[in-house]
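See below for the structure under consideration.
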Amino acid sequence: MTTQTPTTARPAGAARPARPAGAGTGAGAAQHRWLRFAVRRSGRLLVSLWVLVTAAFLMIHLVPGDPVRASLGPTASAELVAARRESLGLDQPLWVQYATYLRDLLTGDLGTSFGSQLPVADTIAQRLPATATLALLAFLVAVLVAVPVGVAVAVATRRGRAPRTELGFASTSVFLATIPDFLLAVALVWVFGVTLGWLPIAGQDGAASFVLPVLALAVGPAAVLARIVRVEMLAVLETDYVRTARAKRLPPSAVHLGHALPNAVTASLTLGGLLLGQLVAGTVLVESVFAWPGLGSTIVESILAKDYPLVQGTVLVYGVGVLIVNTLVDVALAVLDPRSTIGES
Amino acid sequence: MPASLPAPIHRSRPRLPATLRTPLGVTGTGLLALVLATALLAPLLWGGAAEAVDTAAMLQGPSADHWAGTDNLGRDLLLRTLVATRLSVVLALAATALAVTIGLLLGTASLLLGPRAGRLVTAGVNIAVAFPGLLLALSFAVIFGVGQVGSVLAIGFAGAPAFARLCQTLVAGVADRDYLAAARLAGVGRLRILLRHVLPNVGGPLVVNATIGAGGALLSFAGLSFLGLGVQAPAYDWGRLMQDGLDRIYLDPLAALLPGFAVVVAGLAFNLTGEAVARAFSIDSISGVSLLAGGALRTRRRADGGAAPGPHATPSAEVEHDAGPDLVLDVADLVVTVPTAAGAAWPVRGVTFRVARGEAVGVVGESGSGKTLTALAVADLLEPPTTVTARRLSFQGRDLLSGDHRTLLGTELAMVFQDPMSSFNPVRRMGGQLAEGARHHLGLTRRQARDRAVDRLRSVRIGEPERRAGQYPHEFSGGMRQRAMIGLGLMGSPALIVADEPTTALDVTVQRQVLDLLAEVRERDAVALLLISHDVSVVADVCDRVLVMYAGRVVEDLPAAELATGARHPYTRALVAAVPHLGTDLDRPLAVIPGRPVDPADLPAGCPFAPRCPLADARCRTEEPELVDGVACWRPGEDLPAAVPEEATA
């Protein structure tokens, strides 16, 4: 079996080899496979990025009427509107604007805010860390809670054991997963901020201020993820290779964590990646509840103020965040499961 | 000729009322009815009262007059929450309808616009679904503007990609059906095909997912309004009420919590109803709640009637003799119990046999005869709720019925399973999978264990074992994996190899290699073999002795050499006669054993083979024979009626 050269960048679904594995694939072939994976995956990322950037560019042009007039209000003088239009390049042909937009993007120029007259890139650079920290912490909490809980419940309840645990887990997780993050945020504010007075309910000020926003963001995804992990783990525990591992008489922890978990996590990751993207977007609402000084507040304020360059920039950053998360999930999958680098999923 | 071909609906449809009687359905529809009734009636009953400004009662907390307090104009918040139901639900439904419509157009693009444009749309949809709905909704809110209409459009457009994806999947499912091809050949137009032939077949799942989607749209709308981008004053929906209430959470927590509660209840109502219907029609839903199902052990229901056979724990009639030093495995009255919905079933009912050092014992029988469960029970690999009991179960002189024998079993008992393709962990390297047991049981270092793994791979004839040890299972062929499995067993110092159908999944030439390797391993170290197989010829070829199993018992125990001529049990003889050989007359139908194997959960009285046995008489049908002198039969070795089994092909 001859290995395909990595120049065939997009073997797509059709090229998925049935791989009659009799013939060996050497270390070189393994490298080719990784290269192919890298090329294919970054190709997809670039296409998605291009679609995102183009959508962000077109967003302003799809606003009915004149965005500058809409932004400045009906009282602004015609001269001011015209001057602003010219400074934004809106008097140019569309394709020129598009080229300019792409060129500016490459140099890190996201335009100038209508409102503050500050560079959008500066505002984003100032606001992004608060949001990124929030999302990252929430993600870590969700995964660190969901995976052990899912695994433990799967092991405890498999083959109809401990039906009460199963019922309790099922109903709790469904309930927690159904509550939208911003409603949970309000409930948390009431319980821990208002009634108990344990934790601050607004602003970013020290470690304690992270607790409620992170919880509000993490609980829903954690509940869904724990359910996914449990179901995947139950399926994996019934596989032949887990039986083989048991036939080696390894201790249960080695069977569950060493053999079953990597496979269960691989399968969970595909669905978990979607949750993660939603978590990134969920920061918008949760930040609004907690008056969090992040990008979420910025995007809402800029939409209300019709500050289109700022909207464009923030939407772009959120979109890129989601794309990065999706790509990281795919890379993690490839590392965990060598089969996934073979072909398009 | 626009033939109106029937578009069959390929889904069994249980009656709807029955499906909604499940707890999920009752809760869902009950809540939904409540929400819809409130949406309909609340504005009529309290619409005016909810707008009534009362300057004397501004910004009050909960009181007897105003259970949830009042807002900055003294309006009652409980009434406002109830009245807001209509706007919240109507807007959510409008957004959902828009999402479904756009999704349907995008999802059926390949049918409407042809395959090339369809692929482009599909690619676009694939990129769009990767972005969270809220982000899409915010972006569309920029374009459509702030307010009710803008938000309906934004949420509708944002929800469209998910429905488009769903439609693509559903349409792809029916697109290559024959009736569509026929309609196309008959010249039916694309739109007509879509409306008459495709939509009726994808409608069910679409409606179910739209119901669930309405719950999502409700939450999204609450989110947008909460952010101040949705409903604008003086109109109000739940999200708007929450936003107004949040500032006053210290004074009047209900001002924010009550509309929040309403959102959760209404969201649940749509979700649960959708899920209940989806589950009833076994439709996959986009949401994850259906993941809840599954996991519980599927138990076989035992048919009513038939006398409970029980495990027949009567000790077998064989003479007890001491477990000599040459005995590797000693099993007496092994019983495997599987709990079922109606009590218990015994797929293995008192199996007794011994395996001496270096001996190869074959176990043959049809599927369901209990041979695999016997092997797994002997290897201590059955898990609760399945239980194993025995009068005696000892391996290498150690009693396996009590105590911990991990190291003994881990080093001296080797297993070879049926399907080599699935028996190795796909995400771990082969070398490591071989080495870990040795590291654990023998205390070898990583280096030593790896060297041993490479050595064992070499000894099972795997070329370039160094390189192979670093590879993953999918890089091995089936035959190589089965040899590696034997190599895995050789990591310790096995006294017994339990091989459960080791060659069934392999093609014939590879079968030979694996069997030869097993024979070689046995000779080298006097390893015993317990070979489970449904293939009489393989067992006759490889083994010294054969146990024939039927309905969970050993019905004959005889030397392999006597299998062809000396078998006495009618079942053994039928098995042997059913093996085709070079002299078999191919013009005649192949011999089969008439009737079906018995269900271990529903055993007949008497000899379980009696219903299929040409010799069966009244006694056979009432009394079950014990294994005496190597055969469990009331009429062992008697001549079979001439016609059987050669022509019993019914």
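The values are calculated or read from the model by the stated rules, or taken from the named source; none is laboratory data. In this text the structure is predicted, and so the values were computed from the model without any measurement. So basically every Cβ, Gly included, is an ideal-geometry build from the backbone, and we count neighbours across all protein chains shown.
Assorted remarks:
- Count of region B:598-623 residues which are surrounded by fewer than 20 Cβ atoms within 10 Å (Cβ to Cβ) and without any contact (Cβ under 8 Å) to a residue 12 or more places away in the chain: 2
- Filtered residues of region A:64-86 (kept if touching a residue at least 12 places away in the same chain (Cβ under 8 Å) and assigned to a helix (DSSP H, G or I)): A:67, A:68, A:69, A:70, A:71, A:72, A:81, A:84, A:85
- Candidates B:36, B:32, B:44, B:105, filtered to the one that is aliphatic (A, V, I, L, M), surrounded by 20 or more Cβ atoms within 10 Å (Cβ to Cβ), part of a helix (DSSP H, G or I) and modelled with pLDDT of 85 or more: B:32
- Filter pass, residue A:270 being touching an Asp or Glu at 6+ places or on another chain (Cβ under 8 Å), in contact (Cβ under 8 Å) with a residue 24 or more places away in the chain and surrounded by fewer than 24 Cβ atoms within 10 Å (Cβ to Cβ): no
- Close pairs from region B:197-209: first farther than 11 Å from residue B:179 by Cβ, partner among the aromatic types (Phe, Trp, Tyr) and buried (at least 23 other Cβ atoms within 10 Å of the Cβ), Cβ under 8 Å, at least 6 apart: B:206/B:163; B:209/B:163
- Residue A:205 vs. criteria more than 28 Å from residue B:378 (Cβ to Cβ) and either at the interface with chain B (Cβ under 10 Å from one of its Cβ atoms) or over 20 Å from the mean Cα position of the chain (by Cα) (or both): yes
- For the residues A:255, A:320, A:265, the requirement of being in a helix (DSSP H, G or I) and over 22 Å from residue A:238 (Cα atoms) singles out A:320.
- If the condition is being assigned to a helix (DSSP H, G or I) and either of a type outside the set (A, V, I, L, M, F, W, C) or within 17 Å of residue A:285 (Cα to Cα) (or both), then region A:152-175 contributes A:157, A:158, A:159, A:160, A:163, A:164, A:165, A:166, A:168, A:171, A:172, A:173.
- Verdict on residue B:185 being aliphatic (A, V, I, L, M), surrounded by fewer than 18 Cβ atoms within 10 Å (Cβ to Cβ) and more than 30 Å from residue A:183 (Cβ to Cβ): yes
- Condition check for residue B:470: crowded, with 20+ Cβ neighbours inside 10 Å and either farther than 25 Å from residue B:355 by Cα or in contact (Cβ under 8 Å) with a residue 60 or more places away in the chain (or both): no
- Any hit, region B:420-427, residues being closer than 26 Å to residue B:608 by Cβ, touching an Asp or Glu at 6+ places or on another chain (Cβ under 6 Å), touching a residue at least 12 places away in the same chain (Cβ under 8 Å) and hydrophobic (A, V, I, L, M, F, W, C): no
- Number of the exception - residue A:301 against (1) without any contact (Cβ under 8 Å) to a residue 12 or more places away in the chain; (2) crowded, with 24+ Cβ neighbours inside 10 Å; (3) more than 9 Å from chain B (Cβ to nearest Cβ): (2)
- Strands (runs of 3 or more DSSP E) (entirely within region B:364-416) containing at least 2 residues that are within 23 Å of residue A:159 (Cβ to Cβ) and in contact with a strand residue (DSSP E or B) (Cβ under 9 Å, 6 or more places away or on another chain): B:387-389
- Candidates in region A:212-259 are the residues that are of a type in the set (Ser, Thr, Tyr) and within 10 Å of another protein chain (Cβ to nearest Cβ); of these, the one that is farthest from residue B:487 (Cα to Cα) is A:239.
- Scanning region B:594-610 for residues being under 26 Å from the mean Cα position of the chain (by Cα) and either of a type in the set (Lys, Arg) or more than 14 Å from residue B:571 (Cβ to Cβ) (or both) gives a total of 4.
- Single condition residue A:260 does not satisfy, out of (1) within 26 Å of residue B:252 (Cβ to Cβ); (2) crowded, with 16+ Cβ neighbours inside 10 Å: (1)
- Any hit, region B:153-171, residues being surrounded by fewer than 20 Cβ atoms within 10 Å (Cβ to Cβ) and farther than 28 Å from residue B:94 by Cβ: no
- Filter pass, residue A:199 being in a loop (DSSP other than H, G, I, E, B) and more than 13 Å from every other protein chain (Cβ to nearest Cβ): yes
- Where a residue in region B:255-268 is touching a residue at least 12 places away in the same chain (Cβ under 8 Å) and within 8 Å of chain A (Cβ to nearest Cβ) and its partner, wherever it lies, is buried (at least 24 other Cβ atoms within 10 Å of the Cβ) and aromatic (Phe, Trp, Tyr), with Cβ under 6 Å and at least six apart: B:263/B:238
Results for (1) in a helix (DSSP H, G or I); (2) within 14 Å of chain A (Cβ to nearest Cβ); (3) without any contact (Cβ under 8 Å) to a residue 60 or more places away in the chain, shown as yes or no for each residue.
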site	(1), (2), (3)
B:149	yes, yes, yes
B:163	yes, no, no
B:168	yes, no, no
B:173	yes, no, yes
B:187	no, no, no
B:195	yes, no, yes
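- Of everything listed in (1) of a type outside the set (Gly, Ala, Ser); (2) more than 14 Å from chain B (Cβ to nearest Cβ); (3) part of a helix (DSSP H, G or I), the single unmet condition for residue A:61 is (2).
- Residues being buried (at least 24 other Cβ atoms within 10 Å of the Cβ) and touching a strand residue (DSSP E or B) at 6+ places or on another chain (Cβ under 8 Å) - total across region A:304-329: 0
- Reported count of residues in region B:412-428, each being more than 7 Å from every other protein chain (Cβ to nearest Cβ) and either closer than 27 Å to residue A:161 by Cβ or surrounded by fewer than 20 Cβ atoms within 10 Å (Cβ to Cβ) (or both), is 4.
- For residue B:73, the conditions (1) aliphatic (A, V, I, L, M); (2) without any contact (Cβ under 8 Å) to a residue 24 or more places away in the chain; (3) under 28 Å from residue B:212 (Cβ atoms) are fulfilled apart from (3).
- Criterion violated by residue A:291 - all others in (1) surrounded by 24 or more Cβ atoms within 10 Å (Cβ to Cβ); (2) outside any helix (DSSP H, G or I) satisfied: (1)
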